[in-house]
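Okay, structure first, notes after.
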Amino acid sequence: YLGFEDVYNGGDKDLNDFVFIVEPEPIIIDKTPISWTLAAEDLGNIDDFDFNDVVVSLQKVAGQTDLNITALAAGGTLPVKLQYNGEDIQPADATYAEFHSWFGVDAPGADKNYEMINTKSITRRGMTATLKLDANYTLTQFMDATDNNMGGFKIVVDRERNGSWTTQLTSPQDGTAPQMMCLPIGWAWPTERTRVVDAYDGFG
(Lines give C-alpha, C1' and ligand atoms only; values in the text may rest on other atoms or scores of the structure.)
Protein backbone atom coordinates (compact mmCIF):
# COMPACT_ATOMS: atom_id res chain seq x y z
CA TYR A 1 0.00 0.00 0.00
CA LEU A 2 1.18 3.53 -0.80
CA GLY A 3 -0.57 6.29 1.20
CA PHE A 4 -0.41 10.09 0.76
CA GLU A 5 -1.37 13.08 2.91
CA ASP A 6 -2.99 15.96 1.00
CA VAL A 7 -1.92 18.73 3.40
CA TYR A 8 1.79 18.80 4.03
CA ASN A 9 1.74 21.03 7.12
CA GLY A 10 -1.28 21.24 9.43
CA GLY A 11 -3.20 18.27 8.10
CA ASP A 12 -4.40 15.30 10.13
CA LYS A 13 -1.40 13.27 9.01
CA ASP A 14 -3.46 10.10 8.59
CA LEU A 15 -1.90 9.30 5.17
CA ASN A 16 -5.20 8.06 3.80
CA ASP A 17 -6.10 10.92 1.47
CA PHE A 18 -4.79 9.02 -1.53
CA VAL A 19 -4.11 5.33 -1.09
CA PHE A 20 -2.83 3.12 -3.88
CA ILE A 21 -2.39 -0.62 -3.97
CA VAL A 22 0.80 -1.28 -5.96
CA GLU A 23 0.88 -4.65 -7.67
CA PRO A 24 4.50 -5.77 -7.96
CA GLU A 25 5.94 -6.96 -11.24
CA PRO A 26 5.79 -10.75 -11.55
CA ILE A 27 8.97 -12.50 -10.52
CA ILE A 28 10.46 -14.18 -13.58
CA ILE A 29 12.01 -17.53 -12.72
CA ASP A 30 14.59 -18.52 -15.30
CA LYS A 31 14.07 -22.20 -16.06
CA THR A 32 16.76 -22.33 -18.71
CA PRO A 33 19.01 -25.21 -17.62
CA ILE A 34 22.67 -24.62 -16.90
CA SER A 35 24.53 -26.98 -19.22
CA TRP A 36 27.94 -28.60 -19.39
CA THR A 37 29.67 -31.27 -21.48
CA LEU A 38 31.87 -33.94 -19.90
CA ALA A 39 34.26 -35.66 -22.31
CA ALA A 40 36.52 -38.52 -21.30
CA GLU A 41 39.44 -40.48 -22.77
CA ASP A 42 39.44 -44.05 -21.49
CA LEU A 43 43.16 -44.87 -21.89
CA GLY A 44 44.75 -41.58 -20.90
CA ASN A 45 47.27 -40.41 -23.48
CA ILE A 46 48.59 -43.81 -24.61
CA ASP A 47 46.03 -44.37 -27.39
CA ASP A 48 44.14 -42.07 -29.79
CA PHE A 49 43.61 -39.22 -27.27
CA ASP A 50 40.38 -38.13 -29.01
CA PHE A 51 38.26 -37.51 -25.87
CA ASN A 52 35.18 -39.10 -27.40
CA ASP A 53 35.12 -42.39 -25.45
CA VAL A 54 32.48 -41.09 -23.02
CA VAL A 55 30.71 -37.83 -23.87
CA VAL A 56 27.64 -36.66 -21.93
CA SER A 57 25.70 -33.46 -21.49
CA LEU A 58 24.67 -32.37 -18.01
CA GLN A 59 21.73 -30.01 -17.53
CA LYS A 60 20.24 -28.56 -14.35
CA VAL A 61 17.84 -25.70 -13.68
CA ALA A 62 19.09 -23.43 -10.89
CA GLY A 63 17.19 -24.04 -7.66
CA GLN A 64 15.84 -27.42 -8.76
CA THR A 65 17.12 -30.85 -7.74
CA ASP A 66 17.10 -32.78 -11.05
CA LEU A 67 20.40 -33.13 -12.91
CA ASN A 68 19.79 -34.68 -16.33
CA ILE A 69 22.67 -36.61 -17.90
CA THR A 70 22.34 -37.48 -21.59
CA ALA A 71 24.71 -39.78 -23.47
CA LEU A 72 26.14 -38.11 -26.58
CA ALA A 73 28.94 -40.39 -27.78
CA ALA A 74 30.68 -43.64 -26.88
CA GLY A 75 33.88 -43.81 -28.91
CA GLY A 76 35.56 -46.38 -26.71
CA THR A 77 35.45 -50.12 -27.25
CA LEU A 78 36.19 -51.16 -23.64
CA PRO A 79 33.54 -51.68 -20.95
CA VAL A 80 33.09 -48.36 -19.17
CA LYS A 81 30.74 -46.88 -16.57
CA LEU A 82 29.97 -43.31 -15.58
CA GLN A 83 29.83 -42.75 -11.82
CA TYR A 84 28.76 -39.99 -9.46
CA ASN A 85 30.33 -40.06 -6.00
CA GLY A 86 31.39 -43.67 -6.54
CA GLU A 87 27.95 -44.95 -7.60
CA ASP A 88 27.19 -46.26 -11.10
CA ILE A 89 24.74 -44.13 -13.09
CA GLN A 90 22.12 -45.93 -15.17
CA PRO A 91 19.15 -44.52 -17.13
CA ALA A 92 15.80 -46.07 -16.29
CA ASP A 93 15.51 -47.48 -19.82
CA ALA A 94 19.04 -48.92 -20.00
CA THR A 95 19.58 -52.61 -19.38
CA TYR A 96 22.92 -52.12 -17.64
CA ALA A 97 25.00 -49.31 -16.20
CA GLU A 98 27.72 -50.01 -18.79
CA PHE A 99 27.86 -46.85 -20.91
CA HIS A 100 27.19 -48.44 -24.33
CA SER A 101 23.88 -49.67 -22.86
CA TRP A 102 22.83 -45.99 -22.71
CA PHE A 103 22.59 -46.30 -26.52
CA GLY A 104 20.79 -49.66 -26.45
CA VAL A 105 23.95 -51.74 -27.01
CA ASP A 106 23.98 -54.36 -24.27
CA ALA A 107 26.88 -56.62 -25.26
CA PRO A 108 30.24 -56.39 -27.03
CA GLY A 109 30.93 -58.10 -30.32
CA ALA A 110 32.63 -61.43 -30.85
CA ASP A 111 36.00 -59.72 -30.49
CA LYS A 112 34.96 -58.54 -26.97
CA ASN A 113 34.93 -54.94 -28.19
CA TYR A 114 31.95 -52.62 -28.13
CA GLU A 115 30.98 -50.71 -31.25
CA MET A 116 31.87 -47.02 -31.45
CA ILE A 117 28.78 -44.82 -31.36
CA ASN A 118 28.40 -41.28 -32.77
CA THR A 119 32.11 -40.95 -33.46
CA LYS A 120 32.57 -42.81 -36.72
CA SER A 121 29.66 -44.23 -38.73
CA ILE A 122 27.13 -45.63 -36.25
CA THR A 123 24.54 -43.05 -35.14
CA ARG A 124 22.30 -43.68 -32.15
CA ARG A 125 20.27 -41.52 -29.79
CA GLY A 126 21.54 -41.69 -26.22
CA MET A 127 19.38 -42.15 -23.14
CA THR A 128 19.08 -39.73 -20.21
CA ALA A 129 19.62 -40.50 -16.55
CA THR A 130 18.42 -38.19 -13.77
CA LEU A 131 20.17 -37.63 -10.47
CA LYS A 132 18.57 -35.95 -7.46
CA LEU A 133 21.08 -33.45 -6.09
CA ASP A 134 21.12 -30.45 -3.82
CA ALA A 135 19.13 -27.57 -5.32
CA ASN A 136 22.25 -25.37 -5.17
CA TYR A 137 24.53 -27.88 -6.93
CA THR A 138 26.51 -26.64 -9.91
CA LEU A 139 29.13 -28.81 -11.56
CA THR A 140 31.89 -26.24 -11.57
CA GLN A 141 31.26 -25.18 -7.97
CA PHE A 142 32.05 -28.69 -6.74
CA MET A 143 35.24 -29.15 -8.76
CA ASP A 144 38.34 -29.30 -6.60
CA ALA A 145 41.76 -29.32 -8.24
CA THR A 146 43.41 -30.53 -5.04
CA ASP A 147 41.68 -33.93 -5.11
CA ASN A 148 41.18 -34.33 -8.88
CA ASN A 149 37.42 -34.06 -8.41
CA MET A 150 35.33 -33.47 -11.55
CA GLY A 151 32.27 -32.29 -9.65
CA GLY A 152 31.78 -35.83 -8.29
CA PHE A 153 31.91 -37.52 -11.71
CA LYS A 154 34.37 -40.08 -13.01
CA ILE A 155 34.47 -43.04 -15.36
CA VAL A 156 35.51 -46.58 -14.54
CA VAL A 157 37.13 -48.59 -17.33
CA ASP A 158 37.72 -52.34 -17.48
CA ARG A 159 40.70 -53.52 -19.49
CA GLU A 160 41.88 -57.05 -20.15
CA ARG A 161 45.43 -57.76 -19.04
CA ASN A 162 47.00 -61.21 -19.12
CA GLY A 163 43.61 -62.87 -19.63
CA SER A 164 41.83 -61.12 -16.74
CA TRP A 165 39.86 -57.88 -16.53
CA THR A 166 41.21 -55.11 -14.34
CA THR A 167 39.47 -51.92 -13.28
CA GLN A 168 41.04 -48.53 -13.89
CA LEU A 169 39.68 -45.48 -12.11
CA THR A 170 39.70 -41.96 -13.47
CA SER A 171 42.46 -39.53 -12.77
CA PRO A 172 43.71 -36.49 -14.67
CA GLN A 173 47.27 -37.81 -14.40
CA ASP A 174 49.24 -38.80 -17.49
CA GLY A 175 49.40 -42.48 -18.35
CA THR A 176 46.87 -45.25 -18.72
CA ALA A 177 44.28 -43.82 -16.31
CA PRO A 178 41.19 -42.27 -17.94
CA GLN A 179 41.01 -38.50 -18.22
CA MET A 180 38.01 -36.15 -18.22
CA MET A 181 37.34 -32.54 -19.26
CA CYS A 182 34.47 -30.14 -18.54
CA LEU A 183 33.50 -28.15 -21.65
CA PRO A 184 30.72 -25.85 -22.84
CA ILE A 185 27.51 -27.44 -24.07
CA GLY A 186 27.64 -27.92 -27.82
CA TRP A 187 31.37 -28.68 -27.86
CA ALA A 188 32.16 -30.80 -30.91
CA TRP A 189 34.06 -33.92 -29.87
CA PRO A 190 36.69 -35.17 -32.34
CA THR A 191 35.84 -37.94 -34.77
CA GLU A 192 37.30 -41.37 -34.11
CA ARG A 193 41.11 -41.52 -34.18
CA THR A 194 41.39 -37.73 -34.46
CA ARG A 195 43.58 -36.59 -31.58
CA VAL A 196 42.15 -33.64 -29.70
CA VAL A 197 45.41 -31.74 -30.30
CA ASP A 198 44.80 -32.09 -34.04
CA ALA A 199 41.11 -31.15 -33.90
CA TYR A 200 41.86 -28.13 -31.68
CA ASP A 201 45.18 -26.48 -32.45
CA GLY A 202 45.46 -24.68 -29.12
CA PHE A 203 44.68 -27.66 -26.91
CA GLY A 204 48.29 -28.51 -26.10
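From its DSSP helices (H runs of at least four residues, each -39,500 (n - 2.57)), the chain gives a residue-normalised ellipticity at 222 nm of -500 deg cm²/dmol. When the solvent-accessible area of segment 1-57 is split by element, carbon and sulfur atoms take up 59 percent of it, the probe being 1.4 Å.
Ranking Phe20, Ala74, Ser35 by Cα position along the charge dipole of the chain, where only Lys, Arg, Asp and Glu carry charges on their C-beta atoms, puts Ala74 farthest toward the positive end. Rolling a 1.4 Å probe over the heavy atoms of the protein chains gives segment 1-56 an accessible area of 69 Å² per residue. Among (1) 14.7; (2) 18.6; (3) 12.6, only one was calculated for this model; which label is it, if the read-out is mean projected area of the Cα convex hull in nm²? Given (1) 14.7; (2) 18.6; (3) 12.6, the calculated one carries the label (2).
Can you flag which of Lys132/Lys154; Lys31/Lys81; Lys81/Lys154; Lys31/Lys60; Lys81/Lys112 are past 19 Å Cα-Cα? Too far apart for the 19 Å limit: Lys31/Lys81. Rounded to the nearest Hz, the phi-derived 3J(HN,Hα) couplings of segment 76-82 under the Karplus curve 6.51 cos²θ - 1.76 cosθ + 1.60 (θ = phi - 60°) are x, 10, 8, x, 8, 10, 9, where x marks glycine and proline.
Computed from the C-beta positions of Asp66 and Arg124 and an R0 of 22 Å, the FRET efficiency is 0.40 to the nearest 0.05. Here the extension length gained between Asn16 and Asn85 equals 18.8 nm, from 0.36 nm per residue of separation less the Cα-Cα distance.
The values are calculated or read from the model by the stated rules, or taken from the named source; none is laboratory data. Note that the structure is predicted; figures quoted are calculated from it, not measured. Here Cβ is always computed from backbone atoms with ideal geometry, including for glycine, and neighbour counts include all displayed protein chains. Just the protein is used for accessible areas: all its heavy atoms, side chains included, with ligands, DNA and RNA removed. Shrake-Rupley method; radii C 1.70, N 1.55, O 1.52, S 1.80 Å.
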